[in-house]
Amino acid sequence: FLSEGVRVSSPSVVYRDDCIEAEYEYHTVDVRGAEAVPRTERLTFRTSTAVPKLGVMLVGWGGNNGTTATAGVLANRLALSWATREGVRSADYL
């Protein structure tokens, strides 16, 4: 498709050695009773340009089973815990 990478030429995009930073203005409206107040929020997106050593493309991983399996792996990897009526539970693959 493309033999070389795509570069964005914009004053709101900065290319650094290890990442690409983009400034974005998010425009919205806050409604307070019968008054509409426009609001702008400035966001900065940073994308790492480092290529990982290993990548896996999972095809057909969508749906309930794939989502549940992925969430289980991530919960265990991050050692997540959460409060329930019975007390605090932790991810343990079981």
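The values are calculated or read from the model by the stated rules, or taken from the named source; none is laboratory data. Everything numeric in this text was worked out from a predicted model, so none of it was measured. When we count neighbours, we look across all protein chains shown, and the Cβ atoms used for this are built from the backbone with ideal geometry, even at glycine. Please note that ligands, DNA and RNA were not included when accessible areas were found on the heavy atoms of the full protein model with its side chains. Shrake-Rupley method; radii C 1.70, N 1.55, O 1.52, S 1.80 Å.
Scan the range 1-40 residue by residue and report those that are part of a loop (DSSP other than H, G, I, E, B), of a type outside the set (Gly, Ala, Ser) and either in contact with a strand residue (DSSP E or B) (Cβ under 7 Å, 6 or more places away or on another chain) or open to solvent by 100 Å² or more (accessible area, probe 1.4 Å) (or both).
Phe1, Leu2, Glu4, Val6, Arg7, Pro11, Arg16, Asp17, Asp18
As an exercise: evaluate Leu54 against (1) open to solvent by less than 100 Å² (accessible area, probe 1.4 Å); (2) not in a strand (DSSP E or B) and give the number of the one condition it does not meet.
Failed condition: (1).
Taking the stated definitions as given, is Thr44 touching a His at 6+ places or on another chain (Cβ under 9 Å) and either modelled with pLDDT of 95 or more or small (Gly, Ala, Ser) (or both)?
So Thr44 does not fit the description; no.
Pairs only if they're at least six apart or on different chains, beta carbon under 7 angstrom, first in the range 46-72 and under 26 Å from Ala22 (Cα atoms), second at pLDDT 80 or above and surrounded by 10 or more Cβ atoms within 10 Å (Cβ to Cβ); list them, first residue then second.
Arg46/Cys19; Arg46/Glu21; Thr47/Cys19; Thr47/Ile20; Ser48/Cys19; Thr49/Cys19; Thr49/Ile20
Does Ala71 count as in a helix (DSSP H, G or I), of a type outside the set (S, T, N, Q) and surrounded by 10 or more Cβ atoms within 10 Å (Cβ to Cβ)?
yes
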